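Quick note: the coordinates plus some simple rules give every number you see, no bench work behind them. Small disclaimer: the values here were computed from a predicted structure and weren't measured. Positions of Cβ are backbone-derived with ideal geometry, glycine not excepted, and every protein chain shown enters the neighbour counts.
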Amino acid sequence: MKTRILSGLVMAPLLILVYLGGGFIWAAALIVAIIGCREFYKGFEASGAKPCFALGYAAIAVLFATALAKITVVTSVFIPLWIFLVVVCSMVYGFKVNERKLEDMTSTLLGIMYTGFLPFHIVLIDKSGFGAIIWLVFISAFGTDIMAYFTGMALGKHKLCKNLSPKKSIEGAVGGVLGSVILCGLFGYLVIPESFGMCLAIGFFGSIVAQLGDLSASAFKRQMGIKDYGNLIPGHGGILDRFDSVLFTGPMVYYVAVLYAVIENSMF
């Protein structure tokens, strides 16, 4: 517990990059994506698969390079094209059927989408001009983690998913959702009161996907036969062990914000 708290304090200054935004937050997201891709592929190697590291790194680099274009071009042209090419290249990787198996190309594709495409939504939020809501990605994800932990410690009796994470409880999960809604609502009330309703929605849905992200990471590790993705962060394991919930929360925040923007524009 002490190690986890100290590691959390060490990571706190990274939030300065969120405040700076622009190239700083893009670079941070890219670093998380690249390191996360390596950790994910290493986990698959432990299970016997042979994902293509080079394709994973190249695909992620190309995706983040598209951030230099206008947001409308990125979302309407580059991203669909990128997804198409990633699928094609992952399939081509499996053409050497005598050397590679089905799990080699599927793990390659999954790694790119999971560790590259999901964190890229942090860049999309920043580029879209949604402003302060980028903070909600971390408030929802980390707020859920913290509130679920302490609620589970105090009230947890019913196991949430004992096959994946024996210590997680239904009570903790509910506490995590309530904590996320309260924290995001408080942020909205104090910082962006005009988007208070959206902040509550992000707090609710963001918490749910944050916990799904955490459980998904646990499911991967169980299948891979590993305890942690790495040892980069003392007490937390690797990048994916710490940011597994953020990978899911980022896209949810972005799409909720886009949906609210579409609804508001259609009303006037």
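Values as computed for the structure displayed
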| item | result |
| --- | --- |
| Mean Kyte hydropathy of 1.0 or more with a Cα span along the axis of at least 27 Å, helices from DSSP in the chain | 23-46, 134-155, 170-191 |
| Mean separation of Cα contacts under 8 Å (6+ apart) over length of the chain, as relative contact order % | 22 percent |
| Within-13-Å neighbourhood charge of Ser245 [Cβ basis; K, R +1; D, E -1] | -2 |
| Estimated distance in nm for a label pair at Leu212 and Cys161, the labels positioned 7 Å out from Cα along Cα-to-Cβ | 1.0 nm |
| Distance from the range 93-115 to the range 178-212 (C-alpha centre basis), Å | 37 Å |
| Cβ-derived FRET efficiency at R0 41 Å, Met113 paired with Leu20, nearest 0.05 | 0.90 |
| Pairs of Lys in the chain closer than 12 Å at Cα, counting only those 8 or more apart or on different chains | 8 |
| Anisotropy class of the chain from Cα gyration tensor, a/c 1.5 cut | oblate |
| C-alpha center-to-center spacing [the range 21-72, the range 136-160] in angstrom | 28 Å |
| Stretch gain in nm, segment Phe84-Glu264, where the contour uses 0.36 nm per residue and the Cα spacing is subtracted | 61.7 nm |
| The range 184-268, Cα convex hull volume normalised per residue, Å³ | 100 Å³ |
| Nitroxide proxy distance, nm - points 7 Å out along Cα→Cβ at Lys42 and Tyr255 | 3.1 nm |
